[in-house]
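The values are calculated or read from the model by the stated rules, or taken from the named source; none is laboratory data. Keep in mind the model is a prediction, meaning the values are calculated, not measured. All Cβ positions, glycine included, derive from the backbone under ideal geometry; neighbour counts span all protein chains shown. SASA here: full protein model, heavy atoms, side chains in, ligands and nucleic acids out. Shrake-Rupley method; radii C 1.70, N 1.55, O 1.52, S 1.80 Å.
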Amino acid sequence: MYTKDDERRLYELAKSLLNSAHENGQETIDQLKEVINYADWRYYVQSDPVLADQEYDKLFKQLRHLEDKFPGLKTVDSPTQRVASGLSERFPTVSHLVPMLSLDNTYNAEDLTDWDRKCREFPGTENIEYCVEPKYDGASVSLIYENGVLVRGATRGDGVMGEDVTINVRQIRTIPLSANLTKAGVQQAEIRGEIVIHKEVFEAYNKQRAADGLAPLANPRNAASGTLRILDPAEVRKRGLSTVLYHISDYTLVDGNEKPHALDTHYGSLKWLYDMGFPTPAKEMKVFRHIDDVIKYCDEFEARRDDLPFEVDGLVIKVNNIAMQEQMGMTSHHPRWAVAYKFKARQATSKLRRVEYQVGRTGAITPVAKIDPVPIGGVTVSSVSLFNEDVVREKDLRIGDTVLVERAGDVIPYIVKPLAELRDGTEEEINFPKECPVCNSALEKQPEEAAWRCININCPVQVAERMIHYVHKDAMDIRNLGEANIQKFFEKGILTDIPSIYELKTRWDDVRALGGFGDKSITNMEQAIEQSKGQPLNRLIFGLGIRFVGETTAKTLANAVTSLKDFYDWDIEKLSTLEDVGPKVATSVADFFARTENRQMIDKLEAEGVNILNHHKGQAAAAGALTGKTFLFTGTLSQLKRSDAEAMAEAKGGTILSGVSAKLNYLVVGEDAGSKLEKAKKLGTVSILTEQEFIDMVNADV
Ligand code: IVH
């Protein structure tokens, strides 16, 4: 889809857009759109981001700003239009161009051999080829593109009529809002696929829900299909859905155009779409001539199903040749030219023996079912989270029940349901505690929350959990301290709260006395603790464990201030002006900074030398000898990579410009410098440097 040259050009363009405020309407808007689409593709389709988050956000804001300034230049396929505002009332029903059928299932080699035999009964199938691809476990979707622009996204519904969820589909970043279909000769196309959710995104989302006291979503499939139909597009966007497109179900050609050759085979058409930027399983597809090879591949694939980023519940085997597919046709339920091979289920039954209650960092009480150990998908499961009281009540679980447990891949195990028909009357109701199992404080529950909470912020488990969160690799990253050590030190009173981590230096003798800690491990801990003092502010904010403040919000907050203490003066209203900070988060943040004990903690951290400042706020980038100076590099540099040279200038406070103008101070010229050098000479105000002179200049001030 993007050639190496395209990629280089777009990267350079991104950098130049980042380094100067272009205002010239159409051209800049087009450039920004192109660059953002490319960055989205790298991020979402290739999983290999090309821009830092902040850079991406900056470009995005620039585009939004220009579109606000020139509303006439805003188009429906602009990346900014993925972000819908407001809520939709309901989804209109629409009919599918071609019915959305299901697939026939096979479960073993014999079923597949049978299916192969049936296929070969059709004439002209001597050289039949089978294309094999993953069967994604999500929600099916139909996308219609007209003149290269996405005009409709619909759910499967009953197969004939679905719901028009275009507004939500547009939030999904892997789905191109426009593509070069027309150029390729196709006027209108209906493309089908599966809306899926990355296992990691799903788990993180459920963790967050649990922390917020909400019931978890049962599995990635439910999460994807539920999300597609929620009425709040902003929420849809937040949930980070992805897509895999696996079928062109219908298309018309641009007048006078011939059918693209690629559309003769299934493999060709998905590759063709992929090359145009569509997320298809192009890299996962395999073509075979013999069913025995298909069977072998199915076995191999099943063995590595857990390694895939998405939940996959089988493989789909499709006749590769489209003319052959048309000849074979379909039943009212499924096409004859395709079949699903389903992997073995990963469910098992066990007995629910008792329920234990765990206290989390924010005081939320989580019920955990203790079941008779049972192997599921290669792991022995004996503890299953029940998440909160509502889940227990909704499922009507009782002690002594036989329960159906599912563990899908890396997803944490959960109880699907009790097998009520197996009850014998001895089962007992589950009684939720009224007091914290750790500190015995009375538990509280807010009307809008599902979780009971221990509101004693000095509850020992919460204190320990807060420290564990603080040292986490995504927070202050004090790896050598770690969860197990924190627990140990906390039990012995060596650690008491977050600031006490920095007082450990006076307690090493006590640590040694515990046994098992040598000089090396103590030095490592000491170093890691020391290093954490210089962590950027966003990590500290995340590490403080403010409710509802995840890593992204922590970055937003950090970027908004020059010192953590600035938040002492921020009220809910001011906090709510920040991007992605809603009333819930704003209230939680304001509460946190209003509390005396938290302010005392921040004072202690500051006194210990922990960085509470944001050095990168606004334009005040790195200050140095080159502050206020502008640079532009042209031609081929011989010693430095251009990006490194730019970074060197920026590290000293310099700014990189994208073009020669009166604002430019230095033009650094490499080999074959062209028009930029000419222009700079003509201007007469630009100092022209060789690469070596530039290096000397940077090194002059160390
Ligand atoms: S082909 C007429 N390919 O599985 C073509 N379906 O159990 C029918 N699915 O409704 C679909 N991955 O939602 C096809 N690679 C894949 C698939 C796939 C997942 C879903 C699809 C379908 C369901 C049938």
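Which one of the conditions (1) within 16 Å of the ligand (Cβ to nearest atom); (2) over 14 Å from residue 249 (Cα atoms); (3) of a type outside the set (S, T, N, Q); (4) over 32 Å from the mean Cα position of the chain (by Cα) does residue 98 fail to meet, given that it meets all the rest?
(2)
For residue 119, indicate whether it is within 16 Å of the ligand (Cβ to nearest atom), open to solvent by less than 40 Å² (accessible area, probe 1.4 Å) and in a strand (DSSP E or B).
no
Where the second residue is open to solvent by 50 Å² or more (accessible area, probe 1.4 Å) and acidic (Asp, Glu) and the first is in contact (Cβ under 8 Å) with a residue 40 or more places away in the chain and lies in the range 197-211, which pairs have Cβ atoms under 7 Å and are six or more apart or on separate chains?
Filtered contacts from the range 197-211: 199/410.
Need the failing condition index for residue 568 against (1) among the hydroxyl-bearing types (Ser, Thr, Tyr); (2) within 30 Å of residue 11 (Cα to Cα); (3) open to solvent by less than 80 Å² (accessible area, probe 1.4 Å); (4) over 30 Å from the mean Cα position of the chain (by Cα), just the number.
Failing condition for residue 568: (2).
Filter the range 467-484 down to residues that are assigned to a helix (DSSP H, G or I) and modelled with pLDDT under 95, then give me how many there are.
Total satisfying the criteria: 3.
Just the residues that are touching a Leu at 6+ places or on another chain (Cβ under 9 Å) and either surrounded by 12 or more Cβ atoms within 10 Å (Cβ to Cβ) or part of a strand (DSSP E or B) (or both), please, taken from the range 430-446.
Selection gives 430, 432, 433, 435, 436.
Just to be sure before I move on: is residue 252 of a type in the set (Ser, Thr, Tyr), away from the ligand (no atom under 16 Å from the Cβ) and farther than 17 Å from residue 312 by Cα in the structure I sent? So that I can check it myself, show each step before the final result.
Details: of a type in the set (Ser, Thr, Tyr): yes; away from the ligand (no atom under 16 Å from the Cβ): yes; farther than 17 Å from residue 312 by Cα: yes.
Criteria met by residue 252.
Tell me yes or no: at least one residue of the range 371-388 is under 26 Å from residue 108 (Cβ atoms) and small (Gly, Ala, Ser).
yes
Looking at 201, 236, which one is modelled with pLDDT of 85 or more, under 15 Å from the mean Cα position of the chain (by Cα) and more than 24 Å from residue 77 (Cβ to Cβ)?
201
For the range 420-451, give me each residue that is over 24 Å from residue 359 (Cβ atoms) and modelled with pLDDT under 90.
Going through the range 420-451, the residues over 24 Å from residue 359 (Cβ atoms) turn out to be 420-427.
Those that are over 24 Å from residue 359 (Cβ atoms) and modelled with pLDDT under 90: 420, 421, 422.
State all residues of the range 178-219 that are within 26 Å of residue 266 (Cα to Cα) and open to solvent by less than 10 Å² (accessible area, probe 1.4 Å); if no residue qualifies, say none.
181, 185, 186, 189, 190, 191, 193, 195, 196, 197
Select from the range 147-174 the residues that are of a type in the set (Gly, Ala, Ser), in contact (Cβ under 8 Å) with a residue 40 or more places away in the chain and more than 18 Å from residue 223 (Cα to Cα) and write down the one among them that is farthest from the ligand (Cβ to nearest atom).
The extreme case among them is 162.
Restricting to helices (runs of 4 or more DSSP H) lying wholly in the range 619-702: which have 1 or more residues that are surrounded by 17 or more Cβ atoms within 10 Å (Cβ to Cβ), at pLDDT below 80 and within 35 Å of the chain's Cα centre (by Cα)? Let's see the steps before the verdict.
Details: elements: 642-651, 675-683, 691-700.
Ranges flagged: 642-651.
Taking the stated definitions as given, is residue 155 more than 30 Å from residue 253 (Cβ to Cβ), β-branched (Val, Ile, Thr) and at pLDDT 90 or above?
Here the answer is no, as residue 155 does not meet what is asked.
Filter the range 405-417 down to the residues that are open to solvent by 20 Å² or more (accessible area, probe 1.4 Å) and not hydroxyl-bearing (Ser, Thr, Tyr), then identify the one that is modelled with the lowest pLDDT.
My answer is 410.
Exactly one condition in (1) open to solvent by 30 Å² or more (accessible area, probe 1.4 Å); (2) within 16 Å of the ligand (Cβ to nearest atom); (3) not hydroxyl-bearing (Ser, Thr, Tyr) is false for residue 234; which is it?
Exception for residue 234: condition (2).
With the requirement that a residue be open to solvent by less than 20 Å² (accessible area, probe 1.4 Å) and either of a type in the set (Phe, Trp, Tyr) or part of a strand (DSSP E or B) (or both), what does the range 349-373 give you?
Correct list: 350, 352, 359, 364, 365, 367, 368, 369, 371.
In the range 570-590, what count of residues is obtained for those that are part of a helix (DSSP H, G or I), charged (D, E, K, R) and either out of contact with any helix residue (DSSP H, G or I) (no Cβ under 9 Å at 6 or more places or on another chain) or closer than 23 Å to residue 204 by Cα (or both)?
1
Only one of (1) part of a loop (DSSP other than H, G, I, E, B); (2) within 16 Å of the ligand (Cβ to nearest atom); (3) closer than 30 Å to residue 299 by Cβ fails for residue 126. Which number is that?
Tallying (1) part of a loop (DSSP other than H, G, I, E, B); (2) within 16 Å of the ligand (Cβ to nearest atom); (3) closer than 30 Å to residue 299 by Cβ, residue 126 fails exactly one: (2).
May I ask you to say which residue of 109, 139 is within 16 Å of the ligand (Cβ to nearest atom) and either of a type in the set (Ser, Thr, Tyr) or open to solvent by less than 60 Å² (accessible area, probe 1.4 Å) (or both)? Even if it seems obvious, please write down each step before you answer.
Details: 109 fails: within 16 Å of the ligand (Cβ to nearest atom).
Within the list 109, 139, the selection yields 139.
So, in the range 316-351, exactly how many residues are among the charged types (D, E, K, R) and more than 11 Å from the ligand (Cβ to nearest atom)?
4
Take residue 295 and decide whether it is among the aliphatic types (A, V, I, L, M) and touching a helix residue (DSSP H, G or I) at 6+ places or on another chain (Cβ under 6 Å).
Taking the combined requirement at face value, the residue satisfies it.
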